[in-house]
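Here is the structure we will look at, set down as structure tokens.
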Amino acid sequence: MPKDGSVVRLDGEGKPLWLVLELTYRCPLKCPWCSNPVDFDRCNGNELDTDEWKRVLREGRELGALQLGFTGGEPMLRDDLEELVAEATRLGYYTNLITSGVGLNEGRLVALKNAGLKQIQLSLQSSDRALTDSLIGATAFDLKIKVARMIKSYGFPMVLNVPVFRQNADQTAEILALAEDIGVDYLEFANIQYYNWAMINREELLPTRAQLERAEAAVKAARERLGDRMTIYFVIPDYFEGKPKACMNGWGSIHLTIAPDGAALPCQEARLMTDLAFPTVREHDLAWLWNESPTFRKFRGLDWMREPCSSCSEKETDFGGCRCQAYLLTGDACNTDPACGKSPHHGLVTDAVARAADPARTLKPLVMRTERAARELEREAEHG
């Protein structure tokens, strides 16, 4: 599959240009590919309060952060969201809300507009009502379409994010038609990455190569037909490429995530690396966390690399791939990302793709993101 033009190359000159605030892990949906930690409920009751988040915003701007994402969980569950958006606007951020749409009614949309919110990214899982509602564990398809049209009517850039997996990959043409009807400005087909809940459900969620090729063909046809009327991104899954993604433009390079309890993370998935400590904004200011924290310094730059990364001609382009994926699949974050065809562990990825595509495999029900499932998985891990 050819490379898509949706990978950003950006030199942050040592600044955390992209600041992401995970305001809460609470969410009314039960998506089985959720990127939140499997033990997401550990942050319940321990979320940063309004004043703490405002301090993070101020310190982020002092460090040079420009782009700000409010996400979760579901950020609409925070009653102070509008207040935080207003503070971010005052400080000069370009603000983006990443939401399922649940909780985003017209009154709050107007309040967010008045607070200076610049962009809203709405998730949609399918063009089919029944499939959407079953996948997310809630009756929300009609609400999502209503919210999408409402966002458009209030003049926000209409950004629709569609996570791609086996169950919806063959609906690409139908999703494109729905997006065109809504008047979407930006449509992102983001093949899900296999961490946390998605990793638990990997065999059931991985699409086949044939599905991805059909999806790409539908995207290509839509681009030719629509021209500049809609910008369509298709984020290619690294499991099928033989080349690792340049994760976050390199560890601790331009991206800084703050978790609901204040933990500072080089990316939203980093917490799965259980042998690393992640100090919080309650313990240190953001400047120390970004510049001095051993966690951020550990894989910053190129000196940490082993072979085959250390002598690879692509090391300043892909940065050895994803540290979280290397840790998750091999147990050692210093290893080459197994998505890379040069990795001695690449077979872990190709075997996973083959198992998922095997028509004779035993089908399993999806494990939905719930507190009960989280507790059961935790008990299983404790007992081996």
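One table, with the values for the structure above:
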{"quantity": "Top-ranked residue in segment 208-263 [being part of a strand (DSSP E or B) and more than 16 Å from the chain's Cα centre (by Cα); ranked as surrounded by the fewest Cβ atoms within 10 Å (Cβ to Cβ)]", "calculated": "THR231"}
{"quantity": "Flag for ASP133 being among the charged types (D, E, K, R), in contact with a helix residue (DSSP H, G or I) (Cβ under 6 Å, 6 or more places away or on another chain), farther than 21 Å from ALA88 by Cβ and part of a helix (DSSP H, G or I)", "calculated": "yes"}
{"quantity": "Residues (modelled with pLDDT under 95, more than 23 Å from the chain's Cα centre (by Cα) and open to solvent by less than 40 Å² (accessible area, probe 1.4 Å)) located in segment 326-384", "calculated": "ARG361"}
{"quantity": "The one condition in (1) in a helix (DSSP H, G or I); (2) surrounded by 17 or more Cβ atoms within 10 Å (Cβ to Cβ) that ASP142 fails to fulfil", "calculated": "(2)"}
{"quantity": "Meets criteria (at pLDDT below 95 and part of a loop (DSSP other than H, G, I, E, B)) for ASP303", "calculated": "yes"}
{"quantity": "Given (1) within 18 Å of the chain's Cα centre (by Cα); (2) among the hydrophobic types (A, V, I, L, M, F, W, C); (3) within 24 Å of ARG372 (Cβ to Cβ), index of the condition LEU17 fails", "calculated": "(3)"}
{"quantity": "Pair list, Cβ under 7 Å, 6 or more apart: segment 310-322 residue at positive phi, other residue acidic (Asp, Glu)", "calculated": "GLY320/ASP337; GLY321/ASP337"}
{"quantity": "Answer residue from segment 213-251, given it is touching a residue at least 60 places away in the same chain (Cβ under 8 Å) and of a type in the set (Gly, Ala, Ser) and is nearest to LEU302 (Cα to Cα) among those", "calculated": "GLY250"}
{"quantity": "Test: residue in segment 271-289 that is part of a helix (DSSP H, G or I), over 18 Å from CYS334 (Cβ atoms), without any contact (Cβ under 8 Å) to a residue 60 or more places away in the chain and not hydroxyl-bearing (Ser, Thr, Tyr)", "calculated": "yes"}
{"quantity": "Subset of segment 24-42 (residues that are in contact with a Ser or Thr (Cβ under 7 Å, 6 or more places away or on another chain) and open to solvent by less than 40 Å² (accessible area, probe 1.4 Å))", "calculated": "LEU29"}
{"quantity": "Helices (runs of 4 or more DSSP H) contained in segment 43-129 and holding at least 2 residues farther than 25 Å from LEU289 by Cβ and open to solvent by less than 50 Å² (accessible area, probe 1.4 Å)", "calculated": "106-115"}
{"quantity": "Complete set of residues in segment 68-84 that are in contact with a Phe, Trp or Tyr (Cβ under 8 Å, 6 or more places away or on another chain) and more than 22 Å from LEU29 (Cβ to Cβ)", "calculated": "LEU68"}
{"quantity": "Identity of the residue in segment 187-204, open to solvent by less than 10 Å² (accessible area, probe 1.4 Å) and of a type in the set (A, V, I, L, M), that ends up nearest to the chain's Cα centre (by Cα)", "calculated": "ALA198"}
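Residues checked against (1) open to solvent by 60 Å² or more (accessible area, probe 1.4 Å); (2) in a loop (DSSP other than H, G, I, E, B); (3) in contact (Cβ under 8 Å) with a residue 60 or more places away in the chain:
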residue	(1), (2), (3)
VAL147	no, no, no
LYS152	yes, no, no
PHE156	no, yes, no
VAL162	no, no, no
THR172	no, no, no
LEU178	no, no, no
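The values are calculated or read from the model by the stated rules, or taken from the named source; none is laboratory data. On a predicted model such as this, the values are computed, not experimentally measured, just so you know. Cβ coordinates were reconstructed from backbone atoms using ideal geometry, including for glycine residues, and neighbour counts include every protein chain displayed. The area values use the complete protein model at the heavy-atom level, side chains included, leaving out ligands, DNA and RNA. Shrake-Rupley method; radii C 1.70, N 1.55, O 1.52, S 1.80 Å.
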